[in-house]
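Okay, so here's the structure we're looking at.
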């Protein structure tokens with residue numbers, strides 16, 4: 001069985017609703033987290049993301065002006081100044097399957113539909129910590145691998161092509177991001 | 001954790017995509033726990049949430065007032081974008097938070113209101129009582145929550161509202177298949193069906 005040392009993790013929570021921020025803060029502190037930064041809108045969250053370099057982002061979807069989906073899209077910019085790889089957990093009242101797909105296509109790592117539970121949140125955090133997925137970059141997408149299951153027989157319209165891999169070493173974007181702070 | 005040196009990123013190029021891998025940067029926060037380790041962070045968090053629950057009633061009152069205020073703004077100025085967005089967010093917050101605060105039926109009524117705002121082709125043509133009934137229901141559920149018989153009544157009320165709202169939405173969206181599909185799609189939240 002694995003445990004997470006929450007006191008070594010830095011969280012950024014973004015939700016326009018002060019009651020939900022309080023709930024999230026309470027849950028994360030109870031898990032053992034010490035560093036929990038809070039933003040009430042996407043623009044502030046993006047600024048805090050660059051400044052504090054959190055390990056995990058938890059964001060609401062529906063917020064005024066700059067919502068959680070846009071925040072995820074801004075974070076998932078491979079050429080951006082900040083770390084584009086941080087796990088993003090979208091915690092939202094949206095409970096339709098098509099929303100999950102939209103969030104996934106914006107680069108969200110985990111989707112957690114409200115009502116929130118301690119168990120649901122803990123499991124999502126454990127998943128992003130223990131089972132990180134590789135990132136995929138295409139012309140139209142940059143984010144965690146959207147395939148959770150390997151299916152070599154898949155022949156749908158969005159199948160990947162190219163069997164012969166070419167290895168390209170690149171400087172760590174994380175290093176670049178963190179040295180800028 | 002965030003200040004530690006990040007591991008190198010490896011990029012594997014394919015014909016139409018790149019696969020980017022790196023050693024797990026969060027691996028160091030994981031540790032094995034043996035059977036003697038009785039620490040239960042989830043139980044601890046649930047207990048903390050229970051400690052907080054004394055504040056939930058006042059929080060729900062604030063959320064319900066926000067919803068009423070958003071609709072009052074619409075009655076005053078009409079369905080302009082800013083007012084509609086605020087009405088939707090107020091209802092959507094209740095949809096998401098109410099069950100956590102112990103008011104699942106208020107959440108169900110708010111969900112039904114969200115569906116009207118999201119899927120009605122023209123909000124000006126929605127019968128006004130459809131809005132007022134939903135908003136009044138949320139307020140009634142929140143304020144009468146302590147009554148012993150209110151739980152069943154609240155559930156029946158929110159189910160009835162959802163039925164009426166869905167009948168209206170299915171009728172006005174009969175020529176809009178993408179909305180019909182969204183309206184009829186099941187929720188991903190277990191037990192979230194009306």
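The values are calculated or read from the model by the stated rules, or taken from the named source; none is laboratory data. Computed from a prediction, not measured in an experiment: that's the story for all the values here. Virtual Cβ from ideal backbone geometry, glycine too; neighbours counted across all protein chains shown.
Table for the structure above
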{"read-out": "For residue B:25: the one exception among (1) farther than 21 Å from residue A:121 by Cβ; (2) within 7 Å of another protein chain (Cβ to nearest Cβ); (3) assigned to a loop (DSSP other than H, G, I, E, B)", "value": "(1)"}
{"read-out": "Failed condition for residue A:6, given (1) more than 8 Å from chain B (Cβ to nearest Cβ); (2) farther than 20 Å from residue B:96 by Cα", "value": "(1)"}
{"read-out": "Some residue of segment B:42-53 being within 10 Å of chain A (Cβ to nearest Cβ), surrounded by 16 or more Cβ atoms within 10 Å (Cβ to Cβ), touching a residue at least 60 places away in the same chain (Cβ under 8 Å) and in a helix (DSSP H, G or I)", "value": "no"}
{"read-out": "Which listed residue, of B:121, B:104, B:127, is under 14 Å from the mean Cα position of the chain (by Cα) and either on the phi < 0 side of the Ramachandran plot or without any contact (Cβ under 8 Å) to a residue 60 or more places away in the chain (or both)", "value": "B:104"}
{"read-out": "Residue among A:144, A:78 that alone is modelled with pLDDT under 90, at negative phi, touching a strand residue (DSSP E or B) at 6+ places or on another chain (Cβ under 7 Å) and more than 8 Å from chain B (Cβ to nearest Cβ)", "value": "A:78"}
{"read-out": "In segment A:22-48, the residues that are surrounded by 19 or more Cβ atoms within 10 Å (Cβ to Cβ), more than 11 Å from chain B (Cβ to nearest Cβ) and touching a strand residue (DSSP E or B) at 6+ places or on another chain (Cβ under 7 Å)", "value": "A:36, A:39, A:42, A:45"}
{"read-out": "Any hit, segment B:34-41, residues being in contact with a strand residue (DSSP E or B) (Cβ under 6 Å, 6 or more places away or on another chain) and at the interface with chain A (Cβ under 7 Å from one of its Cβ atoms)", "value": "no"}
{"read-out": "In segment A:104-124, residue surrounded by the fewest Cβ atoms within 10 Å (Cβ to Cβ) [restricted to those that are within 23 Å of residue A:36 (Cα to Cα) and more than 10 Å from chain B (Cβ to nearest Cβ)]", "value": "A:112"}
{"read-out": "Conditions (1) touching a residue at least 12 places away in the same chain (Cβ under 8 Å); (2) touching a strand residue (DSSP E or B) at 6+ places or on another chain (Cβ under 8 Å); number of the one not met by residue A:96", "value": "(1)"}
{"read-out": "Members of segment B:68-121 that are outside any helix (DSSP H, G or I) and buried (at least 24 other Cβ atoms within 10 Å of the Cβ)", "value": "B:98, B:101, B:103"}
{"read-out": "Matching residues, segment A:17-27, being more than 18 Å from residue A:70 (Cβ to Cβ) and free of Cβ contacts under 8 Å to residues at least 60 places away in the same chain", "value": "A:18, A:19, A:21, A:22, A:25, A:26"}
{"read-out": "Test result for residue B:133, within 11 Å of another protein chain (Cβ to nearest Cβ), within 30 Å of residue B:175 (Cβ to Cβ) and modelled with pLDDT of 95 or more", "value": "no"}
{"read-out": "Selection count where residues are at the interface with chain B (Cβ under 7 Å from one of its Cβ atoms) and touching a strand residue (DSSP E or B) at 6+ places or on another chain (Cβ under 7 Å), scope segment A:9-21", "value": "2"}
